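Asker: The structure follows.
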Amino acid sequence: MKRRPFLKTTLAASALILSGLFPFSAHAADTIKVGILHSLSGTMAISETSLKDMALMTIDEINAKGGVLGKQLEPVVVDPASNWPLFAEKGRQLLTQDKVAVTFGCWTSVSRKSVLPVYEELNGLLFYPVQYEGEELSPNVFYTGAAPNQQAIPAVEYLMSEDGGSAKRFFLLGTDYVYPRTTNKILRAFLHSKGVADKDIEEVYTPFGHSDYQTIVANIKKFSAGGKTAVISTVNGDSNVPFYKELANQGIEATDVPVVAFSVGEEELRGIDTKPLVGQLAAWNYFESVENPVNQEFVQKWKAYAKAKNLPGADKAVTNDPMEATYVGINMWAQAVEKAGTTDVDKVRDAMAGQTFAAPSGYTLTMDKTNHHLHKPVMIGEIQDNGQFDVVWQTDGPIRAQPWSPYIEGNDKKPDYAVKSN
């Protein structure tokens, strides 16, 4: 047997693999790479770190059941560090260097809008798990959080109702970026349609990372002297902690001025003494406290995972709405890949239409057949002294998202199916 030519061939093949010129390696062929694009540092880490951890738990769970298409999922975690241009850079890295089949990520709309052109250019697939302002419908994104008609509008309707306190004046407080501004544009038009005048609507914005709410809370007190007032908060990230602390400092209670938050859940309340906040509200599509067998198992799994992985604050681990949306999104994507028989983005996109999943919210959620949004229930919860929420109002079942709000002029002419934004 002539060993030298065989040796040469083997060495040449090895060199090709090591140099990256060989079309695939065994490792790449044996796994499906999944991108996780969440801020693990900076102002949004308070909200996004748990979404990264939930994604990892869900991937572990799927892998333990045999993976997807007989392959294990391999998470690729990056940290865009609450830096919006860095989201686009990290997203491009995930698609072009790491070759991920799908990405789960973003919290703020400014981060999603930073990533969007990259994913449309390279035909990547992003699952976005957070409530947002709508006014977008990309073929490269599946939106597993709420559109305004699945959170903001029902919350304000509740505040105006007798059960919600019959509010007549509205203080709209938000972080200064696209989600709060667009949501408040929609809410202002909605309030006008209900006969609320501009003099009874106040709109205030603060930068990301803002920490001094003394003047703003004093202004809320002053504004509330003019009639029954509610605050609608679209404050995001770690600014929620000083805002709620200042409400307590100035003695504002839910019975005086109810605050309904769209970006505060169980995770954000972990760092706050919630006793002075009892009765304040949040609007979501899921709360940890909802009672059903699916949620009981979901919460138990998360607490066990947090403990096993020694996550920070594992002894007080909580679930929240965007964590549930992350869990649902990853499972739906896995189902769609199995249905398509491939991770090819175009085929998975088609297979996502009409996917269903029995969610921890207690409802079977459906991915809409055309508009890339989940049909979701709406829930309003009151903060309890243990940092959990008591659900005080909810829809009878899941409702279909309206990405293009009827309260923005011209939206009636927008298509109810995905179209590239560029």
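No lab work stands behind these numbers, since they all come straight from the coordinates. These numbers come from a predicted model, not from an experiment. Please note: Cβ atoms are built from the backbone with ideal geometry, for glycine as well, and neighbour counts cover all protein chains shown.
Asker: Taking region 241-347, which trypsin sites (Lys or Arg not before Pro) meet the DSSP loop condition and have no more than 14 other C-beta atoms within 10 Å?
Answerer: Values: sites: K245, R270, K301, K303, K307, K309, K316, K339, K347; in loops: R270, K309.
Listed in order of number, the matching sites are K309.
Asker: So, one more: For region 149-287, state the semi-axes of the equivalent ellipsoid (square roots of 5 times the eigenvalues of the alpha-carbon gyration tensor), sorted largest first and rounded to whole angstrom.
Answerer: Square roots of five times the eigenvalues give 21, 16, 16 Å.
Asker: Would you tally the net charge around A218, using a Cβ to Cβ cut-off of less than 15 Å, leaving A218 out, and scoring K and R as +1, D and E as -1?
Answerer: Working: positive: K221, K222, K245; negative: E202, D212, E246, D256.
So the surrounding residues net to -1.
Asker: Round to the nearest 10 and give me the degree value, 0 to 90, for the angle of helix 178-193's Cα axis relative to the longest principal axis of the chain.
Answerer: Computed tilt is about 40 degrees.
Asker: How large is ³J(HN,Hα), in whole Hz, for each residue of region 57-73 in order, when computed from phi with the Karplus curve 6.51 cos²θ - 1.76 cosθ + 1.60 and θ = phi - 60°, using x for Gly and Pro?
Answerer: Per-residue couplings from phi come out as 4, 5, 5, 4, 5, 5, 4, 5, 8, x, x, 10, 6, x, 10, 6, 7 Hz.
Asker: What's the extension gain from Y205 to K420 if we count 0.36 nm per residue and subtract their Cα-Cα distance? Could the numbers behind the result be given before it?
Answerer: Working: separation 215, 0.36 × 215 = 77.40 nm, distance 3.00 nm.
Fully extending the segment from Y205 to K420 adds 74.4 nm.
Asker: What is the local net charge at N295, summed over the other residues whose Cβ is closer than 10 Å to its Cβ (Lys, Arg +1; Asp, Glu -1)?
Answerer: Working: positive: none; negative: E288, E291, E297, E324.
Once all neighbours under 10 Å are counted, the net charge is -4.
Asker: Among L247, L187, L311, which one shows the highest mean-square fluctuation when the chain is modelled as a Gaussian network with alpha-carbon springs under 10 Å?
Answerer: Highest fluctuation of the listed residues: L311.
Asker: Continuing with this model, one more query. Once both labels are modelled 7 Å past Cα along the beta-carbon direction, what's the D350-K275 spacing in nm?
Answerer: Computed distance between label sites D350 and K275 equals 6.1 nm.
Asker: Would you mind checking region 317-348 for residues with the amide N under 12 Å from a putative spin-label position 7 Å along Cα→C-beta of K307?
Answerer: Inside the label zone: 317.
Asker: Expressed as an acute angle from 0 to 90° and rounded to the nearest 10, what is the orientation of the C-alpha long axis of helix 293-308 relative to the principal long axis of the chain?
Answerer: Between helix and principal axis, roughly 70 degrees.
Asker: Assign one of three labels to region 122-192, namely rounded, prolate or oblate, based on the Cα gyration tensor with a ≥ b ≥ c the square roots of its eigenvalues; rounded applies when a/c is under 1.5, prolate when it is not and a/b is larger than b/c, and oblate otherwise. List each step's numbers first, then the result.
Answerer: Details: a/c = 3.10, a/b = 2.19, b/c = 1.42.
Verdict is prolate for region 122-192.
Asker: Modelled label-to-label distance, V77 and K221, 7 Å Cα→beta-carbon offset: nm?
Answerer: Inter-label distance under the simple model: 4.3 nm.
Asker: Can I ask one more? Could you give the nm distance between label points at N249 and N63, where each point is 7 Å from its Cα heading toward the beta carbon?
Answerer: Those two pseudo-labels are separated by 4.5 nm.
Asker: By its C-alpha gyration tensor, with a ≥ b ≥ c as the square roots of the eigenvalues, how is region 350-422 shaped: rounded for a/c under 1.5, else prolate for a/b larger than b/c, else oblate? Please list the in-between numbers first.
Answerer: Details: a/c = 2.80, a/b = 1.61, b/c = 1.74.
The shape class here is oblate.
Asker: Rounded if a/c is under 1.5, else prolate if a/b is larger than b/c, else oblate: which is region 196-252, with a ≥ b ≥ c the root eigenvalues of its Cα gyration tensor? Could you put the intermediate results ahead of the total?
Answerer: Values: a/c = 2.36, a/b = 1.48, b/c = 1.59.
Here region 196-252 falls in the oblate category.
Asker: Moving to a separate point now. Residue separation times 0.36 nm, minus the C-alpha to C-alpha distance between T364 and E291: what's the value?
Answerer: Details: separation 73, 0.36 × 73 = 26.28 nm, distance 1.47 nm.
Computed gain between T364 and E291 is 24.8 nm.
Asker: Quick one: work out Rg over Rh on the C-alpha atoms of the chain, Rh as Kirkwood radius. Could the numbers behind the result be given before it?
Answerer: Details: Rg = 23.0 Å, Rh = 22.5 Å.
My calculation of the ratio gives 1.02.
Asker: Compute the long axis of helix 84-96 from its Cα atoms, compare it with the longest principal axis of the Cα atoms of the chain, and write down the angle in degrees, 0 to 90, nearest 10.
Answerer: Value to nearest ten degrees: 30.
Asker: Return the loop-located GluC sites (Glu not before Pro) in region 248-304 (DSSP other than H, G, I, E, B) with at most 16 other Cβ atoms within 10 Å of their own Cβ; answer none if there are none.
Answerer: Details: sites: E253, E266, E267, E268, E288, E291, E297; in loops: E253, E288, E291.
Of the GluC sites (Glu not before Pro), the ones in loops of region 248-304 whose Cβ has at most 16 other Cβ atoms within 10 Å are E253, E291.
Asker: Using θ = phi - 60° and the Karplus curve 6.51 cos²θ - 1.76 cosθ + 1.60, what whole-Hz ³J(HN,Hα) does each residue of region 230-243 get, with Gly and Pro shown as x?
Answerer: Whole-Hz 3J(HN,Hα) from phi for region 230-243: 10, 9, 10, 9, 10, 5, 10, x, 6, 5, 4, 5, x, 4.
Asker: Loop-only chymotrypsin sites (Phe, Trp or Tyr not before Pro) in region 244-319, please: DSSP not H, G, I, E or B, and at most 13 other Cβ atoms within 10 Å. Provide the component values of the computation, followed by the final result.
Answerer: Numbers: sites: Y244, F262, W284, Y286, F287, F298, W302, Y305; in loops: F262, Y286, F287.
Counting only loop positions with at most 13 other Cβ atoms within 10 Å, none of the chymotrypsin sites (Phe, Trp or Tyr not before Pro) in region 244-319 qualifies.
Asker: Would you mind counting up the charge near A88? Only other residues with Cβ under 11 Å from its Cβ, with Lys and Arg at +1 and Asp and Glu at -1. Provide the component values of the computation, followed by the final result.
Answerer: Working: positive: K90, R92, R112, K113; negative: E89, E121.
That works out to +2.
Asker: Nearest 500 deg cm²/dmol is fine: what mean residue ellipticity at 222 nm does the chain get from its DSSP H runs of n ≥ 4 alone, each adding -39,500 (n - 2.57), divided by its residue count?
Answerer: Numbers: 13 runs with 162 residues, N = 422.
Rounded to the nearest 500, the figure is -12000 deg cm²/dmol.
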